[in-house]
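Only the coordinates and a few stated rules stand behind these numbers; no lab work does. This is a predicted model, so every value here is computed, not measured. Please note: Cβ atoms are built from the backbone with ideal geometry, for glycine as well, and neighbour counts cover all protein chains shown.
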C-alpha cells in the first residue's frame, strides 16, 4: 500500500499519504525507481510539494535493511535514494493534527483500516486529497461520501495536467 502526494502552492493542496507497508507495494519507489509511484515522486513538477505523517519516516527506517537487501545498494547509495524519493515530501508530526479532524478521520476508516486515520486526517486538515493504492480504502471512503481520494493513475493524470499549464 502506498499513500502519497500533497500540495502545490498555487493549486489545490494534495496529500501524500504513503502508508502501511507491504514490502512490494509501499517501498516500490525505493526498490524500483522505474515504478509509477517512484516516477511520480521524483519527476513531479518543481512547485509540487507532498506531505505525509512522520510515521512514514519511521517505517522507512524500520524497513531499511530489507530495502538494502532487495536493492543491493551500499549504505551511501541507499541514503541518496531515500533522499531523492523523499525530497519533495514534508513530514508532519501526527500530534499537530486537530483532534476533531482526527476523530472525523477515525470514524471514516474505523471499518476499513483504522491505521489509515492519521493519513486521512492530514489530508482533511490540509484540505487536500488522499493518494492511495489501497482499493479497499479508496472505495470505502468514496462509498461514505469522501470523494477526495485518488489512485496512482489519477495522481499521474493530475501531474501531467500541471506540466501542460
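Below is a table of values for the structure above.
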{"item": "For the range 40-101: span of alpha carbons on each principal axis (Å, largest first)", "result": "44, 28, 15"}
{"item": "Relative packing of peptides 74-87, 110-123 - highest average C-beta neighbours within 10 Å first", "result": "110-123, 74-87"}
{"item": "Evaluated at q = 0.16, 0.27 Å⁻¹: base-10 log I(q)/I(0), Debye formula over Cα of the range 119-165", "result": "-0.46, -1.00"}
{"item": "Fraction in percent of alpha-carbon pairs per bin - 10 Å, the range 87-137", "result": "25, 57, 18, 1"}
{"item": "Convex hull volume per residue in cubic angstrom - Cα atoms of the range 39-165", "result": "127 Å³"}
